[in-house]
Amino acid sequence: MRTARDAWRDRLAVEAPRLDDNGLAAFVAGLEDQTADNLSDVIDIDARARLAADEPVTLERYLNAVGELEHNPVILDAAIEAALRALRKKGLSAPIARQELIQRYPHLAQSISTAAMLDDMLMGTSTLAGAIRAPVERTLPLPWGPLLDDGRHRYELRELLGSGSQASVYQAVDHLLSAPEMPAWVAVKVFHDRNRPVWGSPRAAHEAVAVRRVDHPGVVRVIDRGETDDGSSYIVYECVDGVPLTRAREQYSGPMPATECARLVACIARGVQAAHAAGILHRDLKPSNILIQRDGTPKVADFGLAAVIHDRLHRRGAVGSAAFMSPEQYLDDEDAALVTTDIYALGGILYWLLTGRYPNGQTIEEIDARLRQGRRAPPLSVDSGLASVPPTLVAICLRALDPDPSRRYGSAEALASDLEAYLNHQPVGWMNPSIRERLRLWITRSPKTAALTGASLLITLAAFITAMVVFHMSQVRSLQNKIAIEAERADRVEAQMIGAVEKARVAAISNAINMTLQNAGDPVIGPNGGWLKNSIIVEAMFGSHFIGRDDSGKALWRIRVQTAKSLIEHHRKLHSEDDFETSLWRTMLGYWLLLEKQYEEAHEHLALVVDFWSRRLAPNDAWVIDLTAMRDVARYQHLLRVPDADLVERRALRETLKEHRQRQLEERTRYWIHTALGEGFDRDEQPVAAPNPP
C-alpha cells in the first residue's frame, strides 16, 4: 500500500528538475515529518533527478533549503555527497572534486573530508578498520616505468583518471607501442602503499599474472606490470574508452530500467566466469571496477585482490568493498575463497543498479551489524526497494545475495544464463513456472510464431464453425423450403376460398338487388315510394365507402353502374325518363362514371340532368351550378382524350372551368375542376395546382 511518504517522493522526482532553490525550500517547508531520514531522501532524490536532467546541483542549494543543515551530520553528509557527485559528473576526479568543494566551503572542510572518506570506505577496497591513505601527489606529465633503448621511460603519465584508497589510475602513453603521430594510450594503475611484502610488488605481480590468464572481451586486458625505483608497484592495462559504472548509474534519477540492469550484470557475469574458468577469483567486484564502453558493453577491471580458487589468503582482516562484500569474506571464513563470493558481489551490483542502494546497508554501522551475522543474516526481501521490479528478476537477485553461500548460484555462468533467460522471456527452470507463465513467456518471446499459431488455431476453429454453420444453414434452408411449399399451398387454398366467398357475396348482393327492385310488381315506381327505397338500398348495400378496389370490389362497381343503367332504361320504356326519380339515378350514374373516368358517357347523363333541373330550379341555384360544372368537367376531360377534338371548343370549356372555379361549389366538384385544368396544362397553358381530394 502506498504511503504519504511514497507520494511526496514520487512528486519530488518529477518536479525537482523544474524547482529553483526557493522552490525546493518551499517543498521542504511543506513536509509534515521533517526527520533526518526524510530530509536526506529529499536531497538524494532532488540531486539524482536534476543530474539526470543536466540541471545544476550545488551544496548551496541544500544549505538554503534545509535550515540548520550544517549542524545535522546525517543531512549534511547527504548534501555533500550530492555536491561531490555533481562535480564528478562534470569530469572531475574524486580527489579534485573534494578539494574544489573544500575551497568553496572551507568552514565545512572536515565534514567534506569525512563524507568523501566514508564514500571511499563503502565503495573502495579496504579493511573497515583501516585508515584511508592519501594518494601521493604527482606532477604531470611524469615519465614512468623502465627505460627504453632511446633513453626514454616506456610510459608517460599524462592525466589522473581516478584515485581510490589503494591506488591511483593514470592515462598514459606507451612509447614502446606508439607510432609517429599516433600515440598508444594505456591505463597505469599505481598502488599507494609501499609496505612490503603485504602491499609490495608480489601483490602487483600476482594481479598481472592472474589477469593474463583471462582472455575475454568482458575483462580489461593487462599489458605490463612492474615496480619503479622508489618502490611503487604498478600495472598497465589497455585503455578503455568508457566510464565507471558508478558514473553511468548517475545518469538516472531513479532506478535503472530492469532490462538494462539485467543486461549489464549478465555481461559482467560472463566476464567473471571467464576469470573463474582460469582459476581466478576477483574478490573485489563493485561498480567502480566495472567500465562501461561507449557501445554500452561492460568490462571487469582491477583484479587487485584476485586469489587462486580454494587458496585462502592468510591476511588479517577482511579485504574488499564493504558495500558489496559477502558475509564469509567479511568474516574471512574459508568459504571466502569460493566462487560464491564473487556471485554475492554480482548480486549486490544488480541490487544497486535496480534500487540505487547498497545491498549490505547504507552506513558503516549497518554494514558491520549485518555482515557480522554471517550466513545467519536475514535475507533481503522484496520490500527492500524491489517492489517495482519484475518478480523473476527479484528472485534472481535475491538468490545471488543469499547470506548462505550454499544457497547461491553455483557459478557466474548460471547467474548469467538466468539473467539472459529473463531478457529473452524464457522460463527460469529452478523457479518452476506454471504452464500459464510459460505460455506468457513464449508469446512474449516469439510473438510472430505465437500469432501464426494462434491464427492457425483460429483458422481451424473458423473452418469448423463455418462447416457447422453451412450444415445448419442447409438444414434451415430445407426446412424453410418445406415451410414455403406448405405456405404456398395454404395461400392457394385461402385464395380459392376467398374467391368463392367473394363470388358468393357479389351474387348475393346482385340477387338482393333484383329481388328488391322486383318488389310489389313495379320495380321502379311502387305504391310506397319505390324510387327512394331503391336508391337507398343500392347506395347502402354497395356504396363507394363499402367497395374496395380489389377484384370483388370492381365487380360490385360494375353491378352498381349496371343497376343504375337498368333502372334508367326501365323508366325509359315506361315513358317516365323525364321524372324526378330518373333524374336522381342519372345524377348518381354521372357521378360514378366520373369516378371511373368514363367521361363521354358521364357527360351524356349529366347534360340531361342539367337540362332537367334547369327547367325546375332558378338559374343561380347552387344545385344547378354544381351539376353544370360537373357536366363541363366531363366534356373537357373527354375532349382531352380525343385526338381530333375541336380545339376551339376545348379551350372555351377551359375558360368556362376557370369561371366555375370562382363560384361556390362542392369540394368534390372543385377537386374535379382543378384536376381537369392540371391535366390540360401541357396543351393549353401553365399548370394549375390541384387541392387535396375531398
Against the conditions (1) crowded, with 22+ Cβ neighbours inside 10 Å; (2) farther than 30 Å from Arg9 by Cα, where does Leu264 fall short? Just the number, please.
(2)
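This table checks each residue for (1) in contact with an Asp or Glu (Cβ under 7 Å, 6 or more places away or on another chain); (2) among the aliphatic types (A, V, I, L, M); (3) buried (at least 17 other Cβ atoms within 10 Å of the Cβ).
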site: Ala13; (1), (2), (3): no, yes, no
site: Arg18; (1), (2), (3): no, no, no
site: Ala26; (1), (2), (3): no, yes, no
site: Asp44; (1), (2), (3): no, no, yes
site: Arg48; (1), (2), (3): no, no, yes
site: Pro56; (1), (2), (3): no, no, no
site: Leu59; (1), (2), (3): no, yes, yes
site: Tyr62; (1), (2), (3): no, no, yes
Search region 226-255 for residues being part of a loop (DSSP other than H, G, I, E, B) and among the polar types (S, T, N, Q), and hand back the single one that is farthest from Lys90 (Cα to Cα).
Thr228
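Which residue, of Gly145, Gly124, is touching a Lys or Arg at 6+ places or on another chain (Cβ under 9 Å), modelled with pLDDT under 75, surrounded by 20 or more Cβ atoms within 10 Å (Cβ to Cβ) and within 30 Å of Asp229 (Cα to Cα)?
Exactly one residue qualifies, and that residue is Gly124.
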Within region 349-383, track down each residue that is in a loop (DSSP other than H, G, I, E, B) and aliphatic (A, V, I, L, M).
Ala377, Leu380, Val382
If I ask for residues that are in a helix (DSSP H, G or I), over 25 Å from Leu264 (Cα atoms) and touching a residue at least 24 places away in the same chain (Cβ under 8 Å), which ones from region 322-336 would you list?
Glu328, Tyr330, Asp335
Quick check, is Leu617 buried (at least 18 other Cβ atoms within 10 Å of the Cβ) and either more than 14 Å from Asp684 (Cβ to Cβ) or touching a Lys or Arg at 6+ places or on another chain (Cβ under 9 Å) (or both)?
no
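Results for (1) within 18 Å of Thr363 (Cβ to Cβ); (2) of a type in the set (D, E, K, R); (3) touching a strand residue (DSSP E or B) at 6+ places or on another chain (Cβ under 7 Å), shown as yes or no for each residue.
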residue: Ala4; (1), (2), (3): no, no, no
residue: Ala7; (1), (2), (3): no, no, no
residue: Arg11; (1), (2), (3): no, yes, no
residue: Asp21; (1), (2), (3): no, yes, no
residue: Ser40; (1), (2), (3): yes, no, no
residue: Leu69; (1), (2), (3): no, no, no
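Among what's in region 152-177 and is out of contact with any helix residue (DSSP H, G or I) (no Cβ under 8 Å at 6 or more places or on another chain) and at pLDDT below 90, pick the residue that is surrounded by the fewest Cβ atoms within 10 Å (Cβ to Cβ).
Leu177
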Considering residues of region 644-668 that are of a type in the set (D, E, K, R) and out of contact with any helix residue (DSSP H, G or I) (no Cβ under 8 Å at 6 or more places or on another chain) only, the residue surrounded by the most Cβ atoms within 10 Å (Cβ to Cβ):
Arg668
Can you go through Leu401, Leu452 and tell me which one is at pLDDT 70 or above, of a type outside the set (Lys, Arg) and either touching a helix residue (DSSP H, G or I) at 6+ places or on another chain (Cβ under 9 Å) or exposed (fewer than 12 other Cβ atoms within 10 Å of the Cβ) (or both)?
Leu401
Take Leu608 and tell me if it is in a helix (DSSP H, G or I), within 19 Å of Ala634 (Cα to Cα) and touching a residue at least 60 places away in the same chain (Cβ under 8 Å).
no
Please work out if Tyr351 is outside the structural domain of Asp44 (by TED's automatic domain parsing) and modelled with pLDDT of 90 or more.
yes
Go through the residues of region 586-602 one by one and say whether even a single one is over 27 Å from Asp682 (Cβ atoms), assigned by TED's automatic domain parsing to the domain that holds Gly678, free of Cβ contacts under 8 Å to residues at least 60 places away in the same chain and outside any helix (DSSP H, G or I).
no
Determine, yes or no, whether Ser111 is in contact with a Gly (Cβ under 6 Å, 6 or more places away or on another chain) and either at pLDDT 80 or above or closer than 20 Å to Leu161 by Cα (or both).
no
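The values are calculated or read from the model by the stated rules, or taken from the named source; none is laboratory data. The model shown is predicted, which means the values in this text are computed figures rather than measured ones. Positions of Cβ are generated from backbone atoms using ideal geometry, with glycine treated the same way; all protein chains shown enter the neighbour counts.
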